[in-house]
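Written out below as structure tokens is the structure these notes cover.
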Amino acid sequence: MTHTLTLTRPDDWHLHLRDGAMMDGVLPHSAAHFGRAIIMPNLVPPVRTAADAAAYRARILAALPKGAGFTPLMTLYLTETTEAEDVAAAAAAGLVTAVKLYPAGATTNSQSGVSNFDTVMPVLERMAEIGLPLCVHGEVTDPAVDIFDREAVFIARILAPLRARLPELRVVLEHVTTSDGVDYVKSAQAGLAATITTHHLMINRNHMLVGGIRPHYYCLPIVKRASHMEALRKAATSGDARFFLGTDSAPHVDATKECGCGCAGVFSAPNTLACLAHVFEEMGALERLEGFTSLNGPAFYRLAPNSAKITLQKQDEPVPYPARIETGAGPVTVFDPGHPLFWQVVGG
Ligand code: NCD
Ligand code: ZN
């Protein structure tokens, strides 16, 4: 039986495109299926200022395949020297859609992030005034905190006090990975949402570590135990508009993942929608897929949903997708959920 699903064209509310040859290689995969994406600013050096964001946006637009209906939504990387005026001007000009907070040292290219939250309060206060959302990498970096606990501790130590201090600030708790995170988002009154990645809905730490270590499942925040994955699957498929898709598709060339100290990041852009349809079908929630991929995110960001549509079809046989893509920077392995996929994007 062939089953067809037509959705409002999805958006990706957390995406790493990188730059140069890597961007040239990965961008067409997101542009093929997504209308818009929040573009992460963790380049080296980071996208710190309005001028940096304008230049990066121009490079993305220049790298887009002809006729692609894809709009990059830019973010600024919050540092302890970010100027509130620069952020406000970039927002007023429509150049940036959000500001990204990395606790210093939390993840790939986060060295320039924030250590002392007091120093960034003037910027956050200004953002609260103008309604510009803060996207948060929600992990503490305290070496004494176990890596599997870093999200829950971040919420207790940093995020809850910050939101109590500045309740008007609109916050996205990005790539939420725990039931603690889900519960915290559900307990909030307003102004808080969370993105969920594709891979955190499909793999847990057993997939990463049992029977051999799988470097292509290593990402940050790290995948947690199965009960957390179940909480994420419930949240994503619940219809609760505070949860929406941010793939966190984060390409690294294979040589930097398959080595003695591998980089964090899962590259899922090519098969993300096939994976999500699989999960939502398993959860008996295919009718809620569109909310998660295409409606809840724009509602939080106060944008209209895309007017274009995309069609997925369920095939009788497993659908093929590449094990890896070749980029000018080197090969990049595509997320393998560990079982066949049957859904396929057939038009959009
Ligand atoms: C991201 C990257 O590679 O830039 N890696 C990851 O594991 N998600 C950074 C991030 O979003 O934490
Ligand atoms: Zn990311």
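Multiplying the residue separation of residue 129 and residue 316 by 0.36 nm and subtracting their alpha-carbon distance yields 62.1 nm.
Residue-wise HN-Hα couplings along region 301-317, as the Karplus relation 6.51 cos²θ - 1.76 cosθ + 1.60 with θ = phi - 60° gives them from phi, are 7, 6, 10, 6, x, 4, 8, 6, 10, 9, 10, 10, 10, 8, 9, 6, 9 Hz; Gly and Pro carry x. Using C-alpha pairs below 8 Å separated by at least 6 residues, the relative contact order for region 94-219 is 20 percent. Using every pair of distinct Cα positions in the chain, the Kirkwood expression returns a hydrodynamic radius of 20.1 angstrom. Between amide H atoms placed 1.01 Å from N, distances below 5 Å from residue 77 occur with 47, 48, 100, all of them 5 or more places distant or on a separate chain. Counting only protein heavy atoms and a 1.4 Å probe, region 4-347 has 38 square angstrom of accessible area per residue. Highest mean packing comes first when the peptides 178-191, 66-79, 303-316 are listed by Cβ atoms within 10 Å, giving 66-79, 178-191, 303-316.
With K and R counted +1 and D and E -1, the other residues having a Cβ less than 12 Å from that of residue 344 yield a net charge of -1.
About its Cα centre, the chain has a charge dipole of approximately 380 debye under the convention of +1 per Lys or Arg Cβ and -1 per Asp or Glu Cβ, with nothing else charged. Against the main long axis of the alpha-carbon atoms of the chain, helix 226-237 sits at an angle near 90°.
Between the helical axis of 121-130 and the longest alpha-carbon principal axis of the chain there is an angle of about 70 degrees.
Can you send over the carbon and sulfur percentage of the accessible area for region 4-347, probe radius 1.4 Å, protein chains only? It is 54 percent, rounded to a whole number. Based on C-alpha pairs under 8 angstrom that are at least 6 apart in sequence, the chain has a relative contact order of 20 percent. For the residue pairs 100/234; 100/314; 186/224; 234/314, the C-alpha atoms sit more than 31 angstrom apart in 100/314. Length gained on full extension, residue 144 to residue 346, computed as 0.36 nm times the residue gap minus the Cα-Cα distance: 67.9 nm. Give me the lysines in straight-line cross-link reach of residue 309: C-alpha distance below 22 Å, same-chain residues under 8 apart excluded. Within the straight-line cut-off, residue 309 pairs with 66. Taking a straight Cα-Cα cut-off under 17 Å and skipping sequence neighbours fewer than 8 places away in the same chain, no lysines fall within cross-link reach of residue 257. The Cα center of region 143-180 and the Cα center of region 324-348 differ in position by 31 Å. Per-residue Karplus couplings for region 142-150, computed as 6.51 cos²θ - 1.76 cosθ + 1.60 with θ equal to phi - 60°, are listed in order as 3, x, 6, 8, 4, 4, 6, 9, 5 Hz, Gly and Pro entered as x.
The values are calculated or read from the model by the stated rules, or taken from the named source; none is laboratory data. As the structure is a prediction and not an experimental result, all values here were calculated from the model. No Cβ is skipped: glycine too gets one built from the backbone with ideal geometry, and neighbour counts run over all protein chains shown. Each accessible area value is taken on the protein alone, full model and side chains, heavy atoms only, with ligands, DNA and RNA left out. Shrake-Rupley method; radii C 1.70, N 1.55, O 1.52, S 1.80 Å.
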